[in-house]
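As structure tokens, the structure follows; a few thoughts come after it.
The values are calculated or read from the model by the stated rules, or taken from the named source; none is laboratory data. The model shown is predicted, which means the values in this text are computed figures rather than measured ones. Cβ: placed from backbone, ideal geometry, glycine included. Neighbour counts: every protein chain shown.
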Amino acid sequence: MTTAAVPGLPEPGRCLVMGVVNVTPDSFSDGGAWFDPEKAIRHGLDLVAEGADIVDVGGESTRPGAQRVTEEEELRRVVPVIEALVAENVPVSVDTMRAEVAEAAVNAGARLVNDVSGGLADPDMPRVVAAAGVPYVVMHWRGHSHDMQTRAVYTDVVREVRDELSHRVDAVLGEGVDPSMIVLDPGLGFAKNPETGHNWSLLAHLDAFTSLGYPVLVGASRKGFLTRLLAEPDGTRRPFGECDDATVAITSLVAAAGAWCVRVHRVRPNADAVRVAAAMRAARPVSYSYDGASYDGASYDNGSPRL
Ligand code: PMM
């Protein structure tokens with residue numbers, strides 16, 4: 001499952017690493033550090049030098065409570081950065097919910113459309129992506145950031161997110177997106193309540209998503225549920241930028257469980273982690289003997305993702 005090929009994107013035989021470039025003044029995770037286009041381009045190139053397989057360029061913050069920017073502003077932010085990175089042969093994805101922005105980004109050379117709304121925010125998106133013939137990240141989403149946390153109500157979060165994602169897949173297939181182009185994302189932090197363990201349940205049951213038969217992308221990096229997990233005894237939450245070690249831990253686990261790609265802010269340690277997971281997965285199927293008994297890795301594969 002890890003190595004499922006997605007057309008036009010690298011195929012290193014392990015979980016891919018997508019480095020984040022937020023060309024925004026207000027993303028919660030990096031606080032506007034890359035709002036200046038020159039800095040954003042430099043940062044994208046640095047991420048590649050650290051081992052990013054894909055650079056994800058976004059011009060609209062999706063932090064809880066964020067207000068939308070205009071389409072013109074979003075285009076102004078992302079297109080020059082995408083053009084410059086593509087000119088350096090960087091595999092670029094565009095993080096947008098708008099069909100017009102996706103189209104402009106693909107015309108500028110973006111190879112992947114990463115739509116956190118899974119086609120719900122802009123009804124033209126699936127058709128535009130289908131016409132562009134590029135891979136499409138369909139993420140689980142229940143509404144825009146300004147009020148998404150009020151929608152984080154589930155009886156069975158894994159089943160509901162899986163079912164809602166499946167419906168989105170059916171919808172985008174109906175709009176002409178080729179099945180080979182679809183990537184799924186459970187949407188950690190998006191309409192998920194960090195107090196009630198929604199994100200952890202989704203991570204713990206990644207097989208509910210990998211078993212749908214599409215590559216799976218996981219975006220845990222610097223999310224609020226990590227700042228809570230790592231809070232001080234008095235409840236003071238760990239700052240976003242100090243959650244990178246926890247992000248690496250998640251990367252190791254989801255890469256071992258068969259994720260296709262992780263979306264992260266700090267690339268180098270996550271690039272190491274996916275290599276560790278790949279080495280362990282590769283070592284697993286061989287027969288070996290221990291303590292006089294012999295084991296065949298394949299014989300106790302019960303269908304669960306293997307470490
Ligand atoms: N998270 C953010 C933005 N884009 N895209 C995908 N596919 N999955 C995610 O989890 C995701 C995303 C928000 O994080 P940021 O503001 O730190 O970039």
Here are some residues: Met148, Met125. Which one is within 14 Å of the ligand (Cβ to nearest atom) and surrounded by 24 or more Cβ atoms within 10 Å (Cβ to Cβ)?
-> Met125
Candidates Leu230, Leu253, Leu203 - the one that is more than 16 Å from the chain's Cα centre (by Cα) and on the phi < 0 side of the Ramachandran plot = Leu230
List the pairs whose first member sits in segment 10-39 and is in a strand (DSSP E or B) and among the polar types (S, T, N, Q), whose second member is more than 12 Å from the ligand (Cβ to nearest atom) and modelled with pLDDT of 85 or more, and whose Cβ atoms are under 9 Å apart, counting only residues at least 6 apart or on separate chains?
-> Asn22/Ala40
Within segment 32-48, which residues are modelled with pLDDT under 95, in contact with a helix residue (DSSP H, G or I) (Cβ under 8 Å, 6 or more places away or on another chain) and not hydrophobic (A, V, I, L, M, F, W, C)?
-> Pro37
Which residue out of His146, His140 is under 16 Å from Val169 (Cβ atoms) and touching a residue at least 24 places away in the same chain (Cβ under 8 Å)?
-> His140
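For every residue, the table says whether it meets (1) closer than 19 Å to His265 by Cα; (2) in a loop (DSSP other than H, G, I, E, B).
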{"residue": "Gly51", "(1), (2)": "yes, yes"}
{"residue": "Arg63", "(1), (2)": "yes, yes"}
{"residue": "Glu74", "(1), (2)": "no, no"}
{"residue": "Val94", "(1), (2)": "yes, no"}
{"residue": "Gly109", "(1), (2)": "no, yes"}
{"residue": "Pro123", "(1), (2)": "no, yes"}
Does segment 82-92 hold any residues that are assigned to a helix (DSSP H, G or I) and of a type outside the set (A, V, I, L, M, F, W, C), and which are they?
-> Glu83
Within the set of pairs 6 or more residues apart or between chains, which connect a residue that is on the phi > 0 side of the Ramachandran plot inside segment 89-115 to a residue that is modelled with pLDDT of 95 or more and more than 10 Å from the ligand (Cβ to nearest atom) with Cβ atoms less than 6 Å apart?
-> Gly109/Val86
If we scan segment 49-61, do we find a residue that is within 14 Å of the ligand (Cβ to nearest atom) and surrounded by fewer than 23 Cβ atoms within 10 Å (Cβ to Cβ)?
-> yes
Scope segment 162-181; condition buried (at least 22 other Cβ atoms within 10 Å of the Cβ) and outside any helix (DSSP H, G or I); matching residues = Val177
Within segment 184-230, of all residues that are more than 16 Å from the ligand (Cβ to nearest atom) and among the hydrophobic types (A, V, I, L, M, F, W, C), the one surrounded by the most Cβ atoms within 10 Å (Cβ to Cβ) is Ala208
Say whether the condition of being crowded, with 19+ Cβ neighbours inside 10 Å and either within 20 Å of Thr247 (Cα to Cα) or at pLDDT below 95 (or both) is met by at least one residue in segment 97-104.
-> no
Could you say which residue among Ala249, Ala273, Ala255, Ala279 is assigned to a helix (DSSP H, G or I), in contact (Cβ under 8 Å) with a residue 40 or more places away in the chain and away from the ligand (no atom under 14 Å from the Cβ)?
-> Ala255
